[in-house]
Amino acid sequence: MNDTFLKACRGEKTDFTPIWIMRQAGRYLPDYQKVRGKVDFLTLCKTPELAAEVTIQPIDILKVDAAILFSDILIPVEAMGMNLEFHEKRGPIMTPPIRDKSSVEKLSVPDPEDRMRFVMDTVRLLRKELEGRVPLIGFSGAPFTTATYMIEGGTSKNFLNTKKMIFQSPELYGSLMNKITATIIEYTKAQIKAGAQAIQLFDTWGGIFSPADFREFALFYVKQIIKELKNWMNTEKIEPVPIIYFVGETAGLLEEIKASGADVHGVDWRINLDDAITRLGNNPVVQGNLDPLALFLPKNKIEERVKDILSRAASAKGHIFNLGHGVVPETPPDNVIALVEMVHRLSSKK
Ligand code: CP3
């Protein structure tokens with residue numbers, strides 16, 4: 001198997017820098033559009049054969065060093081009892097928004113093999129279909145980012161309802177976060193049992209907080225998940241699965257993030273990777289951090305940025321190349337293919 005990605009996660013020496021790309025399976029790929037033209041997005045997530053097919057597309061097309069399960073961070077929200085729809089223009093809509101005690105009480109902590117069996121079936125199918133070509137990353141939203149969707153009922157600009165709940169009804173927020181945290185613990189354990197070889201927790205909206213609020217209202221719950229997963233893998237004698245923690249707008253929060261307990265820290269593009277490494281301290285393993293929109297540059301300019309990031313990563317114990325956030329639908333696929341080739345060529349130690 002090409003296990004370069006897993007080696008890098010563990011901080012072991014590798015022959016080249018591994019790369020995968022957040023949202024690598026998606027609308028910028030004509031092959032994805034073809035599958036997606038036949039079914040709506042949620043049906044795609046819930047049909048293991050199709051979800052596995054689009055998961056493997058970027059392995060064949062881009063030659064990336066890891067596959068990421070095709071699903072969405074909002075799948076557990078539906079399993080907890082909310083109604084979920086995806087609209088072409090408005091994005092995800094969850095009803096009714098969670099704003100009071102009775103709506104929190106109605107939410108369940110679902111058995112993942114019951115309510116989200118299609119996800120674990122996709123993982124099991126992928127481990128067969130990948131035939132060990134590359135490792136499979138499972139994922140979940142982190143509790144806070146998941147909570148924003150539940151409280152706002154969809155995507156938000158200023159997270160007014162979320163912050164109102166946090167600042168005006170902290171106990172209600174705590175009880176919601178405890179349920180989400182318990183759900184994510186069971187969900188990520190189920191993915192690992194089904195065969196996921198790494199887990200990424202997405203805290204896309206973590207950057208809306210001051211450092212102290214981030215620590216209290218987001219990181220506190222992430223630490224619980226990581227600690228529980230590590231204890232569980234240890235007692236169950238499961239080979240340790242690396243945990244990656246990605247926070248959007250990372251720069252203001254690095255001193256907090258370093259306490260997460262994660263094996264790998266995702267870094268966005270708003271900070272130089274060497275600065276992030278210094279501020280994380282303790283010889284960290286980092287993942288990132290090309291600006292997703294830098295993929296609209298001419299190839300020679302992309303190459304300059306790849307060289308820059310690779311040299312800034314030299315002081316880390318391990319580096320996994322990635323974008324600082326997901327690839328956008330308008331991206332020229334050719335430039336994404338070129339990026340993967342550049343990272344492999346420019347980092348090769350052979
Ligand atoms: O990375 C991958 O290739 C794996 C699949 C994946 C998707 N979503 C597929 C998807 C992953 C890891 C996600 C995570 C996700 N989903 C996040 C966290 C990461 C991030 O990008 O910040 C968030 C915030 C979501 C919630 C979500 N899903 C929104 C707000 C939307 C609508 C906006 C949009 O980009 O369309 C989605 C839909 C979605 N998730 C699509 C894909 C491929 C597009 C659906 C389509 O085909 O129409």
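The values are calculated or read from the model by the stated rules, or taken from the named source; none is laboratory data. The model shown is predicted, which means the values in this text are computed figures rather than measured ones. Here the Cβ is made from the backbone with ideal geometry for all residues, glycine too, and neighbour counts use every protein chain on show.
Data overview
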read-out	value
Matching option when the condition is farther than 30 Å from Ile320 by Cα and within 19 Å of the chain's Cα centre (by Cα), among Glu88, Glu78	Glu78
Gln191, sole failed condition from (1) closer than 22 Å to Glu256 by Cα; (2) surrounded by 21 or more Cβ atoms within 10 Å (Cβ to Cβ)	(1)
Listing of helices (runs of 4 or more DSSP H) fully contained in segment 86-163 that carry 3 or more residues being aliphatic (A, V, I, L, M) and surrounded by fewer than 19 Cβ atoms within 10 Å (Cβ to Cβ)	none
Any hit, segment 34-53, residues being of a type in the set (A, V, I, L, M, F, W, C), touching a residue at least 60 places away in the same chain (Cβ under 8 Å) and in contact with a Cys (Cβ under 9 Å, 6 or more places away or on another chain)	yes
Criterion (in contact with a Cys (Cβ under 9 Å, 6 or more places away or on another chain) and within 16 Å of the ligand (Cβ to nearest atom)) met by exactly one of Val264, Val336, Val247	Val264
Residue count, segment 1-47 (criterion: farther than 30 Å from Lys307 by Cβ and among the polar types (S, T, N, Q))	3
Count of segment 203-213 residues which are surrounded by fewer than 23 Cβ atoms within 10 Å (Cβ to Cβ) and under 25 Å from Glu105 (Cα atoms)	1
Top-ranked residue in segment 26-61 [being β-branched (Val, Ile, Thr) and not in a helix (DSSP H, G or I); ranked as farthest from the ligand (Cβ to nearest atom)]	Thr47
Selection status of Lys307, under 20 Å from Phe5 (Cβ atoms), modelled with pLDDT of 95 or more and of a type in the set (Lys, Arg)	no
Filtered residues of segment 62-84 (kept if part of a helix (DSSP H, G or I), out of contact with any Cys (no Cβ under 8 Å at 6 or more places or on another chain) and free of Cβ contacts under 8 Å to residues at least 60 places away in the same chain)	Glu78
Matching option when the condition is within 15 Å of the ligand (Cβ to nearest atom) and under 19 Å from Met150 (Cα atoms), among Leu69, Leu74, Leu107	Leu74
Residue in segment 332-346 that is touching a strand residue (DSSP E or B) at 6+ places or on another chain (Cβ under 9 Å) and among the small types (Gly, Ala, Ser) present	no
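Residues checked against (1) farther than 23 Å from Arg10 by Cβ; (2) crowded, with 17+ Cβ neighbours inside 10 Å; (3) hydroxyl-bearing (Ser, Thr, Tyr):
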{"site": "Ile271", "(1), (2), (3)": "yes, yes, no"}
{"site": "Ile277", "(1), (2), (3)": "no, yes, no"}
{"site": "Pro292", "(1), (2), (3)": "yes, yes, no"}
{"site": "Lys299", "(1), (2), (3)": "yes, no, no"}
{"site": "Val328", "(1), (2), (3)": "yes, no, no"}
{"site": "Ser348", "(1), (2), (3)": "no, no, yes"}
